[in-house]
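Below: one structure, written as structure tokens.
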Amino acid sequence: MTSSRTRERMLTRLREQGIQDEVVINVMAEIPRHIFVDEALSIRAYEDVSLPIGYGQTISQPYIVAKMTQILRNGKQLNKVLEIGTGCGYQTAVLSRVSNEVYSLERIRPLVMKARTHLRALKCTNVKLDHADGSIGLKDYGPFDAIMVTAASSHVPQELVDQLAVGGRMVIPVGTSEQVLHLIERTAQGVQKTALEPVKFVPLLGGTALS
């Protein structure tokens, strides 16, 4: 169930769902999603579903990973990217293939350790992973030309907007019971917010957790 035919079905489905960035599709073809989930769930790794990774967290469905990456890329190679919510590291691995540098923050320590193992196995040497409160970003390393938030916030955090470079983009799920993916663009004239489509993510929480 992790054969090349199974992965090819995922890629075909992504194109049918409107993913047009062939760079993103090629990266999704290259990265083995099944290694990021428990062995018992690997049979479902290339289905278009989110899957549990423990600690109340999930690995996002392939479409959402591809969609958010496509939006951030906007047709060009990314330089410095901040990811809020490493999880198991799958989205991080995708970002590492389309960016020069990725800074990824995860609040749950065991997930940091799990993600680090996965990223090391895939030789993602351009990723800096830290156990930290992602809700406040990483001011000392900004500004970033792209920020991806993989948990839903009740609002767009100003701390993260402030860490966007001029010309930068952020994708973030916003809402509580009903969530909508938003694109935040920082221009010389100010900040533009665009609502994109309904999504469902775990909530963005502050602080850190050891388990």
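Picking from Ile35, Ala45, Gln20, whose Cα lies most toward the positive end of the charge dipole for the range 7-46 (charges on Cβ: Lys, Arg +1; Asp, Glu -1)?
Ala45
Taking R0 as 45 Å, what FRET efficiency do you get between Val156 and Ile43 from their Cβ-Cβ distance, rounded to the nearest 0.05?
Using R0 = 45 Å, I get an efficiency of 0.75.
Hey, if you put +1 on the Cβ of every Lys and Arg and -1 on every Asp and Glu Cβ in the range 122-211, which of Thr176, Pro157, Ala195 ends up farthest toward the positive end of that dipole?
Checked the options; the winner is Ala195.
Output the relative contact order of the range 113-211, whole-number percent, from Cα pairs under 8 angstrom with separation of 6+ residues.
For the range 113-211, the relative contact order is 24 percent.
Considering only lysines 8 or more places apart in sequence, or on different chains, count the pairs in the range 112-211 whose C-alpha atoms sit under 22 Å apart.
4
P(r) for the range 109-211, please, calculated from all Cα pair distances in 5 Å bins and given in %.
Result returned by the calculation: 2, 12, 20, 20, 20, 16, 7, 2, 0.
Work out the length of the dipole vector of the chain about its Cα centre, built from +1 on the beta-carbon of each Lys and Arg and -1 on the beta-carbon of each Asp and Glu, and round it to the nearest 20 debye.
400
Using alpha carbons only, how many degrees (0 to 90, rounded to 10) separate the axis of helix 4-16 from the longest principal axis of the chain?
Taking Cα atoms only, the helix is inclined about 40 degrees.
At 1.4 Å probe radius, can you tell me the per residue accessible area of the chain in Å²?
47
What is the projected area of the convex hull of the Cα atoms of the chain, averaged over all directions, in nm²?
Over all viewing directions, the chain projects a mean Cα-hull area of 10.7 nm².
Could you check what % of the DSSP bridge pairs in the range 8-159 are antiparallel, to the nearest 5?
Given both bridge residues lie in the range 8-159, the antiparallel proportion sits at roughly 15 percent.
For the chain, what is the mean residue ellipticity at 222 nm derived from helices alone (per DSSP H run of n ≥ 4: -39500 (n - 2.57); sum divided by total residues; nearest 500 deg cm²/dmol)?
When only DSSP H runs of four or more count, the value is -8500 deg cm²/dmol.
How much of the accessible area of the range 92-147, probe 1.4 Å, is carbon plus sulfur, in whole percent?
Here carbon and sulfur together make up 50 percent of the probe-accessible area.
Before anything else, pin down the relative contact order of the range 40-156: Cα pairs under 8 Å, at least 6 apart, normalised by residue count, whole percent.
26
Could you give the length gained on full extension between Lys139 and Arg5, defined as 0.36 nm per residue of separation minus the Cα-Cα distance, in nm?
Between Lys139 and Arg5, full extension yields 43.9 nm more.
Once you've got the GNM for the chain with C-alpha springs shorter than 10 Å, pick whichever of Val161, Val171, Val199 has the biggest mean-square fluctuation.
Top of the fluctuation ranking is Val199.
The values are calculated or read from the model by the stated rules, or taken from the named source; none is laboratory data. All figures in this text were calculated on a predicted structure; none of them were measured in a lab. Please note: Cβ atoms are built from the backbone with ideal geometry, for glycine as well, and neighbour counts cover all protein chains shown. Quick note on the areas: whole protein, heavy atoms, side chains included, nothing else; ligands and nucleic acids left out. Shrake-Rupley method; radii C 1.70, N 1.55, O 1.52, S 1.80 Å.
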